[in-house]
Each structure stands twice: as structure tokens, then as C-alpha cells.
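The values are calculated or read from the model by the stated rules, or taken from the named source; none is laboratory data. These numbers were taken from a predicted model, which means no experiment stands behind them. Every residue, glycine among them, receives a Cβ derived from its backbone with ideal geometry; neighbour counts consider all protein chains shown.
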Amino acid sequence: MTLSFVVPGLDEAASEKIIAILAGRLAQEQEAALVLKHAHWNVTGPNFIAVHEMLDPQVDVVLNQADETAERIATLGGSPDGRPDAIVRQRTWKGIDLTGRHSTEEYLKALIDYYDAFITDDREAIRELDELDVISSNIVQDHVQDLEKFQWFMRSHLA
Ligand SMILES: [Fe+2]
């Protein structure tokens, strides 16, 4: 990776490590928007409208997270890769396997599992970024706070 520049106070090696961590987060944030829309379109049965309508604001939030993460990469002198191929290449987490029309309960359980990996990976990124760049860490901290709240929303439908 060749950086266009580095921000004051960071060297190139640290910047490259930070950008690599953020690239993984960017891919998962973009994928989450697709996964949430997939569920939004395929949920059925009791509580359909509640779950269907609950998911769209989450799509908006994760897309905004992706934008913040991508622009942090650009701010650090890197080049964010927003292509579908990059999402697939970056994926180290388990995707969602559920396809077709299924009950709100089945989709919520699949999304809760998906968010488990999403939150775990964000928390791991925060641990690594704390050593490298607290400003990037702070961005991911803000993001994971929203994800944990959304997972609570989903769990609350199943209680
Ligand atoms: Fe829709």
C-alpha cells in the first residue's frame, strides 16, 4: 500500500496498520447494510411490519458508519475500496446463510448471530486501534455503541 500522505504525528508503518484494520471494518459495515436489507425484504409472519420497519433505520446507520470509516481511511492517506469484491476479500467473519422467506423470529436470530460477530470484531479493532490511533479507535467505539443498541432491539422482539 502506498499512502498519499500521513497525518501529523503518525508514521507510515502505523498508518498502514490502522488503515488495514479500518478496511476490515468498512467491509463489514457495508455488508451489514446488504444483510439488513435482505432480512427487511424476506421477513414474514407475526410482527412483520414491526421488524420490517425496524431494520431500515439500521441500514441508514451502518451505511453512515461505512462512510465515516472510509473517510477516516482517506484522511489517513489511504484509499478506501468500496467495491463488492473488497467486501468479500476482507470477510473473516461468518456471513448470513438464511435465504428465502422466513419468520421474523428466524431472521432476528440470524441477525443477532451476525451482530455477535460484528460487535466482537469491532471490539477487537478498538483494542488494536487503542495502541495505534485513539482517534480511529474513537470512531469505531461510536459505531459499536449503535450496534449493541440495535442488537438489544432485536433481542427485545424475542423475549
Ligand atoms: Fe423497504
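Remarks
- Condition check for Ser15: within 24 Å of Ile139 (Cα to Cα), among the hydroxyl-bearing types (Ser, Thr, Tyr) and in a helix (DSSP H, G or I): yes
- Some residue of region 102-123 being farther than 18 Å from Ile21 by Cβ and β-branched (Val, Ile, Thr): yes
- A count restricted to region 71-115 and to residues that are over 29 Å from Ile135 (Cβ atoms), in a helix (DSSP H, G or I) and in contact (Cβ under 8 Å) with a residue 24 or more places away in the chain stands at 8.
- Sub-8 Å Cβ pairs linking a first residue in region 15-37 that is over 20 Å from Leu147 (Cβ atoms) and modelled with pLDDT of 95 or more to a second residue that is hydroxyl-bearing (Ser, Thr, Tyr) and buried (at least 24 other Cβ atoms within 10 Å of the Cβ), at least 6 apart or interchain, are Ile18/Ser136, ordered by first then second residue.
- Single residue of His52, His40 found to be crowded, with 16+ Cβ neighbours inside 10 Å and touching a strand residue (DSSP E or B) at 6+ places or on another chain (Cβ under 9 Å): His52
- Region 38-70: number of residues that are assigned to a helix (DSSP H, G or I), within 16 Å of the ligand (Cβ to nearest atom) and either over 12 Å from the mean Cα position of the chain (by Cα) or touching a residue at least 24 places away in the same chain (Cβ under 8 Å) (or both): 20
- Here Thr120 meets each of (1) under 13 Å from the mean Cα position of the chain (by Cα); (2) more than 16 Å from the ligand (Cβ to nearest atom); (3) touching a residue at least 60 places away in the same chain (Cβ under 8 Å) with one exception, condition (3).
- Here Tyr107, Tyr114 are screened, and the one residue that is over 29 Å from Ile73 (Cβ atoms) and either modelled with pLDDT of 95 or more or surrounded by 15 or more Cβ atoms within 10 Å (Cβ to Cβ) (or both) is Tyr107.
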